[in-house]
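Peer 1: My questions will all concern the structure given below.
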Amino acid sequence: MDRILVDTNIVLDLFTKRKEFIIEAQELFTLSDKNEIKLYVSSLTFANTYYILSQKMKLNDARKILRKFKILVEVLPMDDKIIDLSLESDFKDFEDAIQYHTAIENDINIIITRNLKDFKTSGIPVLTAKNYIETRSPVGSTV
């Protein structure tokens, strides 16, 4: 079973219903709901998502959404080692460095993001949700 770290932008695609990306995000989280894949998010993603949702809705509604979301994902901790590795990394974007090192330190085998260019030096596969869904589906079928 694939163990996948989902970057913040994919989570936000789902919750903010970003028109160009919502279908792939929904398909990805549906695979998790069906226990076909295991999805993880960093604690940073969980905090950032809460912050963004709380700007768009009532705080209780944001918490309610994230309580339901937590059923689909496992939240991975951020610790001193991940911060140190991120600070010393070649990543230009610190948040991406945290995502990457969270994945590495937790034996995750794929990162799903829309921000492929910032993961050029990744030692594990980095795909968009669309690319990942396409690699799982036989040609002409849908998930």
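The values are calculated or read from the model by the stated rules, or taken from the named source; none is laboratory data. This one's a predicted model, so the numbers in the text were calculated from it and none came from an experiment. Note that each Cβ is placed from the backbone with ideal geometry, even for glycine, and that neighbours are counted across all protein chains shown.
Peer 1: Which condition does Asn131 not pass, out of (1) within 19 Å of Glu36 (Cβ to Cβ); (2) in contact (Cβ under 8 Å) with a residue 24 or more places away in the chain; (3) among the polar types (S, T, N, Q), if it passes all the others?
Peer 2: (2) is the only condition that Asn131 fails.
Peer 1: Looking for something in contact with a Pro (Cβ under 9 Å, 6 or more places away or on another chain) and in a helix (DSSP H, G or I) - is there at least one such residue anywhere in region 42-61?
Peer 2: Yes.
Peer 1: So, one more: Taking the residues in region 47-58 that are hydrophobic (A, V, I, L, M, F, W, C) and either touching a helix residue (DSSP H, G or I) at 6+ places or on another chain (Cβ under 9 Å) or touching a residue at least 40 places away in the same chain (Cβ under 8 Å) (or both) as candidates, determine which candidate is farthest from Phe15 (Cα to Cα).
Peer 2: Met57
Peer 1: Answer yes or no as to whether Ile65 is touching a residue at least 12 places away in the same chain (Cβ under 8 Å), within 26 Å of Lys117 (Cβ to Cβ) and not in a loop (DSSP other than H, G, I, E, B).
Peer 2: It is false that Ile65 is touching a residue at least 12 places away in the same chain (Cβ under 8 Å), within 26 Å of Lys117 (Cβ to Cβ) and not in a loop (DSSP other than H, G, I, E, B).
Peer 1: Could I ask something else about it? Mind listing whichever residues of region 95-118 are crowded, with 17+ Cβ neighbours inside 10 Å, charged (D, E, K, R) and assigned to a loop (DSSP other than H, G, I, E, B)?
Peer 2: Answer for region 95-118, where residues must be crowded, with 17+ Cβ neighbours inside 10 Å, charged (D, E, K, R) and assigned to a loop (DSSP other than H, G, I, E, B): just Arg114.
Peer 1: The conditions are (1) assigned to a loop (DSSP other than H, G, I, E, B); (2) in contact with a helix residue (DSSP H, G or I) (Cβ under 6 Å, 6 or more places away or on another chain); (3) of a type outside the set (Gly, Ala, Ser); (4) modelled with pLDDT under 95, and Lys92 fails exactly one of them. Which is it?
Peer 2: (2)
Peer 1: Sticking with this structure for a sec: If we scan region 26-36, do we find a residue that is within 12 Å of the chain's Cα centre (by Cα), in a loop (DSSP other than H, G, I, E, B) and at pLDDT 95 or above?
Peer 2: No, the conditions are met nowhere in region 26-36.
Peer 1: For residues that are among the β-branched types (Val, Ile, Thr) and touching a helix residue (DSSP H, G or I) at 6+ places or on another chain (Cβ under 6 Å), scanning just region 23-46, find the one that is surrounded by the fewest Cβ atoms within 10 Å (Cβ to Cβ).
Peer 2: Step by step, filter region 23-46, then rank; the result is Ile37.
Peer 1: For region 68-80, enumerate the residues that are part of a helix (DSSP H, G or I) and within 16 Å of Asn9 (Cα to Cα).
Peer 2: Once the filter is applied, which keeps residues that are part of a helix (DSSP H, G or I) and within 16 Å of Asn9 (Cα to Cα), region 68-80 yields only Phe69.
Peer 1: If you don't mind, another one. Quick one: would you say Thr121 is touching a residue at least 24 places away in the same chain (Cβ under 8 Å), hydroxyl-bearing (Ser, Thr, Tyr) and crowded, with 16+ Cβ neighbours inside 10 Å?
Peer 2: no
Peer 1: Taking the criterion of being of a type in the set (D, E, K, R), modelled with pLDDT of 95 or more and surrounded by 15 or more Cβ atoms within 10 Å (Cβ to Cβ), would at least one residue in region 4-13 satisfy it?
Peer 2: yes
Peer 1: Which residue pairs have Cβ atoms under 6 Å apart, sit 6 or more places apart or on different chains, and have a first residue in region 81-110 that is over 16 Å from Ile10 (Cα atoms) and a second that is at pLDDT below 95 and part of a helix (DSSP H, G or I)?
Peer 2: Asp93/Asp118
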